[in-house]
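Bear in mind these aren't lab numbers, they're just calculated from the coordinates by the rules spelled out. Since the model is a prediction, treat every value here as computed from it, not as a measurement. Backbone-built Cβ (ideal geometry, glycine too); neighbour counts: all protein chains shown.
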Amino acid sequence: MKYNRKTKYKMSVWEIMDYELAIIGAGPAGYSASIYAGRSGIKTVVFDKIGGGGLALVSPNIENYAGFESISGAELMDKMQKHASKYANIHFIEEVKNITKNENLFTIETTNKTYTSKAVILCMGTEYRKLGIPGEQELQGKGVSYCATCDGQFFKGKNVGVVGGGNSAVIEAIFLKQIGCKEVYLIHRRDQLRAEKAIEDEAIAKQVKIMYGTHVDSIHGGQKVDYLNLHDLKKDKKFNFSVDGIFVSIGEAPQNTLAKELGVKLDEKGYIIVDRQQKTNVRGVYAAGDITGGLRQIITACAEGAIAALSSTEVLGKKYPY
Ligand code: NAP
């Protein structure tokens, strides 16, 4: 056991800069990879640019993760974090800025320090896709939001719009209605939803008002959102529509910058290409979870994280434990 000279606190032998495995992203995939790596005796560090949990953190209710009939994303992520912390050093609010490979060693530069590792698992997940229209960026946090669970409470008794026609948008609209928003308008550019029928039926039962064939052209307001400029695509008519807030829920995009810089191959949508062992085209680099595309569910992210951790034993000179 070492001692920190300044604080005199005991430091675990894991408080070092050189690791065997670095995991980037502390969502379900990263947590699961940490557990499997740590239990295989791999010295593991995890970095997350914020507080971990990924997009699962803001899921109001998860009903398809085996063993939990119903659990909030926040509670499940808290359980995973506590579990993973037993096996890996997890560094929150430490963003990885750059990863380079030299021979068989990776150098990982973060906002705090520089580390090395012999293997890397990329679990950076996805981020919310933006509309890219006038007013969106300017009014973000002033009525433009990408997360009903995070910001919905501010709109109780108010009128809001939700943009999108997939499962996420419809679930967000139902949630907003449930927490007491006055009117919830689901604004979708096509004349039918992409969401599952059961979810669509629930939205209709909950009196979510669906505006089909409608495009949001711009968002207007000063200190807060006042109205949207909408385009009725069928009638080819533009009009202003008053709302207090707008929730954009039009899918996600992979956070692939680090992967690109490492020379990792991506598919046409920007997701990392992996084989069944979660290996990428770069030896020693593995990927798991939503950043690899596919089903994008918590349970598959966890499974991929476990496989990636065990696959990394091949470059660590360790015995594959199973
Ligand atoms: P998604 O299924 O890709 O749907 C995105 C929606 O946004 C589509 O309706 C799309 O319109 C619309 N859209 C995209 N770009 C737009 C733009 N620039 N302007 C206006 N509308 C735009 O995304 P998601 O709903 O986030 O779901 C992602 C994945 O997670 C899916 O596989 C989904 O099934 C899964 N998921 C599952 C559950 C569950 O409980 N089972 C819950 C949430 C998500 P178009 O329809 O015209 O393309």
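Before rounding to the nearest 500, sum -39500 (n - 2.57) across all DSSP H runs of length at least 4 in the chain and divide by the residue total; then give [θ] at 222 nm in deg cm²/dmol. Working shown, then result.
Values: 7 runs with 69 residues, N = 322.
Only helices count here, giving -6500 deg cm²/dmol.
May I ask you to list the aspartates and glutamates whose Cα is less than 16 Å away from that of Lys118, ignoring any residue fewer than eight positions away on the same chain?
Within reach: Asp18, Glu20, Glu103, Glu109, Glu314.
A 31 angstrom limit on the alpha carbon distance is what I want to check against. Which of Lys130/Lys238; Lys82/Lys318; Lys177/Lys224; Lys79/Lys209; Lys97/Lys177; Lys43/Lys130 exceed it?
Values: Lys130/Lys238 21 Å; Lys82/Lys318 26 Å; Lys177/Lys224 21 Å; Lys79/Lys209 37 Å; Lys97/Lys177 40 Å; Lys43/Lys130 38 Å.
Going by Cα-Cα distance, Lys79/Lys209; Lys97/Lys177; Lys43/Lys130 fall outside the 31 Å limit.
Rounded to whole Hz and in sequence order, give me ³J(HN,Hα) for segment 242-251 from the Karplus expression 6.51 cos²θ - 1.76 cosθ + 1.60, θ = phi - 60°, writing x for Gly and Pro.
Whole-Hz 3J(HN,Hα) from phi for segment 242-251: 7, 9, 8, x, 9, 9, 9, 9, 10, x.
Output ³J(HN,Hα) for segment 147-164: one whole-Hz value per residue in order, computed from phi by the Karplus curve 6.51 cos²θ - 1.76 cosθ + 1.60 with θ = phi - 60°, and x for Gly and Pro.
8, 5, 4, 6, 10, x, 4, 6, 10, 4, x, 10, 9, 10, x, 10, 9, x
Quick check for me: using +1 on Lys/Arg Cβ and -1 on Asp/Glu Cβ, what's the dipole size of the chain about its Cα centre, in debye to the nearest 20? Write out the running numbers ahead of the final one.
Numbers: 42 positive and 36 negative charges, 164 e Å.
I would put it at about 780 debye.
Show the residues, 5+ positions off or on another chain, whose built amide H is closer than 5 Å to the amide H of Ile90.
Val46
Return the FRET efficiency for the residue pair Asp232, Ile133: r is the Cβ-Cβ distance, R0 is 22 Å, and the value is rounded to the nearest 0.05.
So, using R0 = 22 Å, E works out to roughly 0.85.
Contour minus end-to-end for Ala253 and Gln153, with contour as 0.36 nm per residue of separation and end-to-end as the Cα-Cα distance? Can you show the working numbers first?
Details: separation 100, 0.36 × 100 = 36.00 nm, distance 2.59 nm.
That pair, Ala253 and Gln153, stretches by 33.4 nm at full extension.
Tell me which residues come under 5 Å, amide H to amide H, from Lys97 once H is placed; ignore anything under 5 positions away on its chain.
Glu109, Thr110, Thr111
Tell me, what ³J(HN,Hα) does each residue in segment 97-103 have, in order and in whole Hz, if you take phi through Karplus 6.51 cos²θ - 1.76 cosθ + 1.60 with θ = phi - 60° and put x for Gly and Pro?
Once rounded to whole Hz, the list reads 9, 7, 10, 10, 10, 10, 6.
Starting from the amide H of Glu136, placed 1.01 Å from N in the peptide plane, find each other amide H under 5 Å away whose residue is 5 or more places distant or on another chain.
Amide H to amide H, under 5 Å and 5 or more residues apart or across chains, Glu136 pairs with Ile219.
How would you classify the chain from its alpha-carbon gyration tensor, with a ≥ b ≥ c the square roots of the eigenvalues: rounded for a/c under 1.5, else prolate if a/b is greater than b/c, otherwise oblate? Write out the running numbers ahead of the final one.
Numbers: a/c = 2.13, a/b = 2.06, b/c = 1.03.
Here the chain falls in the prolate category.
Using the Cα gyration tensor of segment 144-248, with a ≥ b ≥ c the square roots of its eigenvalues, what is the shape: rounded (a/c below 1.5), prolate (a/b larger than b/c) or oblate (neither)?
On the way: a/c = 1.89, a/b = 1.04, b/c = 1.81.
Since a/c reaches 1.5 but b/c is at least a/b, the shape of segment 144-248 is classed as oblate.
Calculate how many DSSP beta bridges within the chain are antiparallel, expressed in % of all such bridges and rounded to the nearest 5. The partial results should precede the final answer.
Details: 32 of 61 bridges.
Expressed as a percentage, antiparallel bridges in the chain total about 50.
With +1 assigned to the C-beta of every Lys and Arg and -1 to the C-beta of every Asp and Glu, and no other charges, what is the dipole magnitude of segment 83-199 about the Cα centre in debye, to the nearest 20?
Details: 16 positive and 12 negative charges, 52 e Å.
For this selection, approximately 240 debye.
Hey, quick one: spin label on Ser70, modelled 7 Å out along Cα-Cβ, who in segment 151-186 has an amide N within reach, i.e. under 18 Å?
Within reach of a label on Ser70: 171-180.
What shape does segment 72-150 take by its C-alpha gyration tensor, where a ≥ b ≥ c are the square roots of the eigenvalues and a/c under 1.5 counts as rounded, a/b above b/c as prolate, and the rest as oblate?
On the way: a/c = 2.91, a/b = 1.51, b/c = 1.93.
Oblate is the answer for segment 72-150, as a/c is 1.5 or above yet b/c matches or exceeds a/b.
Of all beta bridges DSSP finds with both residues in segment 144-248, what is the antiparallel percent, to the nearest 5? Don't jump to the answer; show the numbers that get you there.
Numbers: 13 of 26 bridges.
Antiparallel bridges make up about 50 percent of those DSSP assigns within segment 144-248.
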